[in-house]
Every structure is written in C-alpha cells, then in structure tokens.
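The values are calculated or read from the model by the stated rules, or taken from the named source; none is laboratory data. These numbers come from a predicted model, not from an experiment. Cβ sites come from the backbone with ideal geometry, for glycine too, and all protein chains shown count toward neighbours.
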C-alpha cells in the first residue's frame with residue numbers, strides 16, 4: 001500500500017474512532033445504558049491518555065529520561081500560563097518563547 | 001426546492017448560536033495550531049484539510065499527529081484516538097434524550113458534530129425544552145457554526161504554516177495544546193493522579209515493543225484515577241459517620 005493511501009486510511013480510521021463514540025448513545029437512544037462504574041472510570045481516560053502522550057515527549061531526550069531540557073522548561077511555562085491566565089494564546093507564546101529562547105542560549 | 005424549516009427550529013438555532021458565540025472564540029487558537037501542526041508533520045494542504053474534515057476533533061488530531069509522524073503502527077494510533085474520544089461516549093449518553101423524535105440519519109449527523117464546547121454550553125437548556133424542533137435547532141445552530149469556524153481557522157493555520165521556518169519547531173505547539181487541555185483536568189485530585197500515573201507509566205514503559213507503553217500508561221492512569229476516587233468517597237463517607 002502506498003504511503004498516501006495508508007495516510008488516508010489512517011484518517012478514516014481516526015474519524016471512525018471519533019464519530020462512533022460521539023454518535024453512540026445519540027443513535028442508540030435510551031435502549032442501552034452504560035454501567036455507572038464504567039462511566040465513572042471512563043472519565044479518567046482523556047487525562048491519562050493526554051499525559052501518556054505528553055510526558056514522554058517532554059521528559060525523554062534521545063531515548064533517555066532527561067529532567068533538565070528545553071522542552072520540559074517550555075512545557076512548564078505553558079502549563080503555568082494555562083493555569084494562571086485566561087488568555088488562550090498565552091500558553092503558546094510562553095511555551096514557544098521559552099523553547100526557542102533556551103535553544104538560542106544553549107546554541108543548539 | 002428548499003424544504004421550509006420549522007419556525008421553532010430557526011428560533012432554537014438562533015438562540016443556541018447566541019449562547020455559543022462568545023465561547024466559540026476559544027476555538028480559534030486551537031484550529032490555527034492544529035492547522036500549523038498538521039503541516040509541520042509533513043502533510044500537504046489537501047491531506048491536512050482531508051484529516052480535518054474526516055476527523056473534525058482537535059484533541060484526537062493533535063494527539064495522534066505525533067504518532068503518525070513517528071510511524072507508529074495503525075492499531076496504536078486508532079486505540080489512542082479511541083482513548084482520547086471516550087469522553088464523548090459519556091457526553092453522548094448525557095445528551096441522547098434531547099434527540100427524541102429525531103430520525104436515524106439526523107442522529108448520526110448530530111453525533112458526528114458533537115463537540116466539548118457545544119455540549120458544555122448547550123446540553124442543559126436543550127434537555128429542558130419540550131419542543132423537538134427547537135431542541136434540534138438549539139443543538140445544530142451552534143454545532144454547524146462550530147464546524148465552519150473550525151474548518152476556516154484550520155485552513156488559515158495550514159496556509160500560514162508554510163510561511164514559517166522549519167527550525168522554529170512548530171510541532172511543539174501540539175504538545176502545548178495537549179498541556180492546555182490537561183491543565184483544567186489536573187485541578188481535580190483523582191484526575192491529577194490519573195494524569196501523573198498515566199504519564200509516568202508511559203515514560204517508564206517506553207521500552208515495551210509496539211509502543212505498548214502508551215496503552216499501558218493509559219490503562220494505569222484510568223485505574224489510578226478510579227481507585228483514588230473510590231478512596232476519596234469512602235473516606236468522605238467514613239468522615240460523615242464519625
């Protein structure tokens with residue numbers, strides 16, 4: 001399969017993995033109900049998944065855990081901006097500013 | 001010939017749009033970042049907009065882009081997208097009553113358009129209305145606006161990204177976007193624990209084959225959050241008894 005075709009297949013499958021959960025109960029109506037315990041457990045899925053994607057990205061440099069690196073500092077700045085300010089642009093400005101600034105200072 | 005829309009549908013759509021309009025401004029940076037990130041991982045404008053129309057979900061798109069870029073196996077990409085979208089099952093269950101009297105095709109269409117923003121802003125009043133035309137209008141008005149705004153601003157991001165040098169590491173904007181999504185969740189104690197356990201497990205287990213560490217991290221995070229919630233509620237119940 002060509003890379004192009006594979007990419008579009010990927011889009012379609014991600015699309016299904018999005019529309020099916022969204023449409024699930026709207027389409028099924030009240031005929032089916034999710035067990036309460038499962039509903040409560042599922043609430044933690046997005047936070048766990050987001051962190052499982054973000055943490056390796058900001059803690060690992062060249063395959064090793066690296067507690068001091070520009071990406072982690074940039075992530076810290078973005079997190080602080082997201083928690084303390086209401087401006088939706090600020091986390092992006094703070095994060096990218098710290099990342100590019102530190103890289104410039106370190107000459108990397 | 002254009003079928004005439006029931007007046008209650010139009011009134012509902014207008015009211016929903018008015019409720020959602022101020023909140024919808026928050027979509028703009030997201031859409032711009034999503035557009036720029038898709039270009040930064042190497043998509044052509046056609047591929048980027050194709051993904052945007054097919055998927056129509058910022059979190060699922062931003063969350064899977066790093067995996068697509070690193071050549072992760074397809075099943076892992078799909079499972080990750082499912083995990084990021086599981087919240088919609090809960091939203092869908094919560095809002096389903098609002099669609100009584102709507103046909104199957106309409107329900108699929110409405111389901112495809114379900115977003116966090118419209119659910120948060122409109123679910124309560126929608127469910128409280130007795131008029132099915134008004135309810136559907138009140139849901140579809142802001143949902144269609146949200147779709148249009150999302151596509152237009154993502155396209156702007158896609159076109160703007162080409163003008164920015166590669167060594168600016170724009171792909172890190174996706175990580176920042178995920179952090180912005182994570183930040184409000186982490187204010188709740190069990191949710192914070194779910195995130196910490198999920199993230200650290202994914203780091204520690206990164207050596208597992210097929211990137212299974214990511215799935216293991218997600219499962220560990222869910223388990224930790226659920227267990228913490230149980231302990232908190234059990235503790236509270238005991239406190240009341242004393």
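Would it be correct to say that residue A:72 is touching a residue at least 12 places away in the same chain (Cβ under 8 Å) and under 25 Å from residue B:224 (Cα atoms)? When the stated conditions are applied, residue A:72 passes them.
Note on the range A:7-43: residues that are more than 7 Å from every other protein chain (Cβ to nearest Cβ), at pLDDT below 95 and in a helix (DSSP H, G or I) amount to 5.
Does the range B:73-95 contain any residue that is on the phi > 0 side of the Ramachandran plot, within 8 Å of another protein chain (Cβ to nearest Cβ) and crowded, with 21+ Cβ neighbours inside 10 Å? Break it down stepwise before answering.
Pass one, the range B:73-95, residues on the phi > 0 side of the Ramachandran plot: none.
The answer is no; no qualifying residue exists.
Within the range B:105-115, being surrounded by fewer than 17 Cβ atoms within 10 Å (Cβ to Cβ) and within 7 Å of another protein chain (Cβ to nearest Cβ) holds for one residue alone: B:108. Count of the range B:26-53 residues, restricted to those that are more than 16 Å from residue B:181 (Cα to Cα) and surrounded by fewer than 19 Cβ atoms within 10 Å (Cβ to Cβ), is 9. Can you find a residue in the range A:61-72 that is over 26 Å from residue B:117 (Cβ atoms) and surrounded by 24 or more Cβ atoms within 10 Å (Cβ to Cβ)? Looking for residues that are over 26 Å from residue B:117 (Cβ atoms) and surrounded by 24 or more Cβ atoms within 10 Å (Cβ to Cβ), one finds none in the range A:61-72, hence no.
Looking at B:183, B:160, just one residue is assigned to a helix (DSSP H, G or I), in contact with a helix residue (DSSP H, G or I) (Cβ under 9 Å, 6 or more places away or on another chain) and either more than 8 Å from chain A (Cβ to nearest Cβ) or at pLDDT 95 or above (or both), and that residue is B:160.
Can you find a residue that is surrounded by fewer than 17 Cβ atoms within 10 Å (Cβ to Cβ) and in contact with a helix residue (DSSP H, G or I) (Cβ under 7 Å, 6 or more places away or on another chain) anywhere in the range B:54-71? Within the range B:54-71 (the criterion being surrounded by fewer than 17 Cβ atoms within 10 Å (Cβ to Cβ) and in contact with a helix residue (DSSP H, G or I) (Cβ under 7 Å, 6 or more places away or on another chain)), the answer is no, since none of the residues qualifies.
Quick check on my filter: what residues within the range A:57-76 are out of contact with any strand residue (DSSP E or B) (no Cβ under 9 Å at 6 or more places or on another chain) and at the interface with chain B (Cβ under 9 Å from one of its Cβ atoms)? Those that are out of contact with any strand residue (DSSP E or B) (no Cβ under 9 Å at 6 or more places or on another chain) and at the interface with chain B (Cβ under 9 Å from one of its Cβ atoms): A:57, A:58, A:60, A:63, A:65, A:74, A:75.
Can you confirm whether the range A:44-51 contains a residue that is facing chain B (nearest Cβ under 7 Å), free of Cβ contacts under 8 Å to residues at least 60 places away in the same chain and surrounded by fewer than 21 Cβ atoms within 10 Å (Cβ to Cβ)? No, the conditions are met nowhere in the range A:44-51.
So which residues in the range A:83-97 are surrounded by 20 or more Cβ atoms within 10 Å (Cβ to Cβ) and either more than 7 Å from every other protein chain (Cβ to nearest Cβ) or farther than 20 Å from residue B:36 by Cα (or both)?
Just the residues of the range A:83-97 that are surrounded by 20 or more Cβ atoms within 10 Å (Cβ to Cβ), to begin with: A:91-92, A:94-95.
Listed by number, the list holds a single entry, A:94.
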